[in-house]
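I have placed the structure first, in the form of structure tokens, so that the comments after it can refer back to it.
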Amino acid sequence: MSHVDEGTLHAYLDGELPSSERVALEAHLAQCATCRAGLEEERALRARASTLLGSVRPPERAIPPFEALRRAPRRSPWHVRTPFAWAASIALALGLGYYLRTPGAAGPATTNAPQPVIVAEDRAASGERQKASAPAATVSEGRRRAPVPRPTEQVAHVNQPGDSGAANVSLRDEAQAAQAKARIANAPESVAARLGRETLRLDAVTVTAQGEPAAAPTPARAERERAAARAPSVFIDGSVVQPLTAKTWPVIDRRVATLLLGDEAPVGLPGLSVRDFRRAPGNDGTIVVEQALDSSTVIQIFQRPASNAARPDSGYAFSRLFARFVGRLRVEIAGPVSVDSLNRLLEQVKPLP
Amino acid sequence: MPDDIAEVYRNTYPALVRFLYRKVWDAERAADLAQEAFSRALVHRPQNTRGWLFVVAANMARDEARRAAREKRHLTLLKGEPDVVSSAPEDEIDADTQRTRVRAALEQLSPRDRESLLLWDAGMSYDEIAAQTGLARGAIGTTLARARRRLVEAYDAGLEGGEHVARG
């Protein structure tokens, strides 16, 4: 037998060498000093590597209760995308509207008029694309610096170079959505008919954004109205943050909050003052800590003992927010900042001193 | 029949968190992702829960890394926030340095070598590592030998080279 390669030695040291090979290897080692030395060398290397890896392990902590998992099916990553479907359909509707409105533009193949460019962008693409058009780039830069909710970062653009200056339309709020709808309404009848589906969708979006009252409010509608009553509406990952009123979420003092959490200290963002503690309408032990990031930005940190099941009637509908476990608490976060920032903030949450 | 996930959870959770930690380098995030992986396992009910979990966890960590790179520029937003790191006590700073060094060393490994090493360290057998990485079982020993050697060499080189390597 020739000398043993290091891979075989490592498999041997790892106890993963098939028994027939192991017997052969041990027989060889018994009479080959070179390979015995090699084995010791590899043994030391293996131990060293193991020590290095062992020096970077996460802090020991209790395993969260398995039961907590069952109630916590977290958002799938795809969830983030679906709320933007409307943005794409608006872009499509506007683009078609502009295009078909152009005199003589009977069909895509026959026109010589400037072609509209429909761009439904996501954040990844927006930076590069917008370099091409100065006004849009300005808007985009301003937006990127400001702590805006994610949906507005998704911009629907309609570029029509030949259309007397009105080259860029950014749908950022209901006013512009309505404006856009009016543009579509101005299109010839046949066009409006052909765009029926998109226009309907646009209506739905406008209603959502303006929070128009419904004749028979469903719970979802009522929630939307409440959210719309607070300006500006705040979107978290496509869902509306519920404003908390003293009536539904009574303010409590810290001692009560601790009691409700099963004698756990409430958690929050270190270094930020606590505006108030509130109790959920249901009795599932949920409390919220409200902290002011600045004078106009309040971050809500919802928390409850991980061992408590959320009650469907608790008035607590935040299961789609970001969540993590801090000690024995399940913690979720909401606030009028970008999703990325919420994520970072959630990571910083600690028991309040 | 699918494994008993509660049982796998008890046995595998710490290893999965450790595995994830060495990919995302954030204990909280690692714990979150591990829970996410188990939550998905509850939905999918895979045949081989343990193997499935590590595949899912590796994918999530990769997505996470991509997202983190993309989000880097957004973090300027939080610059005004209290700096948690600067208030860390001395021993945590040491742990930080060590973590940075080992992390830099791990990043010198090829992705496949690194994956094999982390899976081995998470308690996977050669058979499981082979299934996970697509390597032949007979090649795992050689892969791990190379991975360990490179890890140790890169770490030592980082110590000699001083800060600029460790920072990488």
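Throughout, read-outs are computed from the coordinates displayed, never taken from laboratory work. Keep in mind it's a predicted model, so treat the numbers as computed, not measured. Every residue, glycine as well, gets a Cβ built from its backbone with ideal geometry; the counts of neighbours run over all protein chains shown.
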Exercise for the section: Give me a single rounded figure for A:339-350: the average over its residues of other chain Cβ atoms within 10 Å of their Cβ. Expected result: 4
Fill in the blank from the handout: Within 10 Å of the Cβ of an average residue in A:267-280, the count of other chain Cβ atoms is 1
Completion exercise
By the mean-Cβ-within-10 Å protection proxy, highest first, B:23-30, B:4-11 rank as B:23-30, B:4-11
Exercise for the section: Just tell me how shielded B:150-156 is by partners: mean number of partner chain Cβ atoms within 10 Å of each residue's Cβ, no decimals. Expected result: 3
